[in-house]
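K.L.:
After the structure tokens below, expect a handful of questions from me.
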């Protein structure tokens, strides 16, 4: 695995365009919307690619029978040389990769349901990632049944961007508040004048907007997220964006919220947690 310089990312645009699973996070790195990392097998004629978004989600794609690259990938995944200081969540395309990875990780892979020690080292945890497709009719049914005129929801500004706390916040998906203000969008819900929830564009590319959502811990379980998300979905309609949703299958809350808002699960793929 060789780290590719940012001015060479254009080499990935064409092969990445052939990836059929949701890859907006990888495109945001490759097309220089956010600062991430790209690893390849060869600097001059790369054929195997590994793209890491700063949030900690990654995409492996391209030639899957490259033995040297794959051996290096295993060292990277197990953090053998301690070059990572946080988890990464990896997905791979095409599906042949998952066959290769099952063999490559056969001595160190566990299912998420088997992992009782969150700090277990030298293990790759197998989860599942879900891609959804938006059903506008189901969303309108949701809108008819769910209306709260009493809620205060405003456009997310630079200050709210910085104030939002949690593990899935806009700050982890954009390089700066200024960058988000210029190129992104979000809507934040306040309860008793206290910031509670923010729904925001994790990525905007072409006519697609992928939704990110975070609720501050003390306000969870109150149903606030659905209303902030609804405001963002309405923004998508007004600006001709297709709303996109992806999440880990094991994230029950995100799955339920997605389907309540009219998103339908269309694809389930292996999702590998690489321990730090």
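K.L.:
Only one of 38, 29, 34 is assigned to a loop (DSSP other than H, G, I, E, B) and closer than 26 Å to residue 178 by Cβ. Can you tell me which?
P.N.:
Just one listed residue meets the conditions, 34.
K.L.:
May I ask you to verify whether residue 152 is out of contact with any strand residue (DSSP E or B) (no Cβ under 6 Å at 6 or more places or on another chain) and loosely packed, with under 15 Cβ neighbours inside 10 Å?
P.N.:
no
K.L.:
Turning to a different aspect of this structure: What single numbered condition from (1) buried (at least 16 other Cβ atoms within 10 Å of the Cβ); (2) more than 23 Å from the chain's Cα centre (by Cα); (3) part of a helix (DSSP H, G or I) fails to hold for residue 7?
P.N.:
Among (1) buried (at least 16 other Cβ atoms within 10 Å of the Cβ); (2) more than 23 Å from the chain's Cα centre (by Cα); (3) part of a helix (DSSP H, G or I), the lone unmet condition for residue 7 is (1).
K.L.:
I've got another one for you. All but one of (1) farther than 30 Å from residue 179 by Cβ; (2) surrounded by 12 or more Cβ atoms within 10 Å (Cβ to Cβ); (3) touching a residue at least 24 places away in the same chain (Cβ under 8 Å) hold for residue 63, so report the exception by its number.
P.N.:
(3)
K.L.:
Now for a separate question. Name the strands (runs of 3 or more DSSP E) wholly inside the stretch 70-168 in which the number of residues that are touching a helix residue (DSSP H, G or I) at 6+ places or on another chain (Cβ under 8 Å), within 20 Å of residue 231 (Cα to Cα) and modelled with pLDDT under 95 is 3 or more.
P.N.:
Because the criterion is at least 3 residues that are touching a helix residue (DSSP H, G or I) at 6+ places or on another chain (Cβ under 8 Å), within 20 Å of residue 231 (Cα to Cα) and modelled with pLDDT under 95, no strands (runs of 3 or more DSSP E) in the stretch 70-168 meet it.
K.L.:
Separate question: Given the structure, is residue 25 closer than 16 Å to residue 104 by Cα, surrounded by 20 or more Cβ atoms within 10 Å (Cβ to Cβ), in contact with a strand residue (DSSP E or B) (Cβ under 7 Å, 6 or more places away or on another chain) and not assigned by TED's automatic domain parsing to the domain that holds residue 173?
P.N.:
So residue 25 fails the test.
K.L.:
Which one of 46, 15 is in contact with a helix residue (DSSP H, G or I) (Cβ under 7 Å, 6 or more places away or on another chain) and more than 30 Å from residue 167 (Cβ to Cβ)?
P.N.:
That would be 46, the only listed residue that is in contact with a helix residue (DSSP H, G or I) (Cβ under 7 Å, 6 or more places away or on another chain) and more than 30 Å from residue 167 (Cβ to Cβ).
K.L.:
State whether one or more residues within the stretch 229-244 are within 14 Å of residue 130 (Cα to Cα), at pLDDT 95 or above and in contact with a strand residue (DSSP E or B) (Cβ under 9 Å, 6 or more places away or on another chain).
P.N.:
Checked against the condition, which is being within 14 Å of residue 130 (Cα to Cα), at pLDDT 95 or above and in contact with a strand residue (DSSP E or B) (Cβ under 9 Å, 6 or more places away or on another chain), the stretch 229-244 yields at least one hit.
K.L.:
Related question: Just to be sure before I move on: is residue 44 free of Cβ contacts under 8 Å to residues at least 24 places away in the same chain and either assigned to a loop (DSSP other than H, G, I, E, B) or surrounded by 22 or more Cβ atoms within 10 Å (Cβ to Cβ) (or both) in the structure I sent?
P.N.:
Here the answer is yes, as residue 44 does meet what is asked.
The values are calculated or read from the model by the stated rules, or taken from the named source; none is laboratory data. Model, not experiment: these values are computed from the prediction. Backbone-built Cβ (ideal geometry, glycine too); neighbour counts: all protein chains shown.
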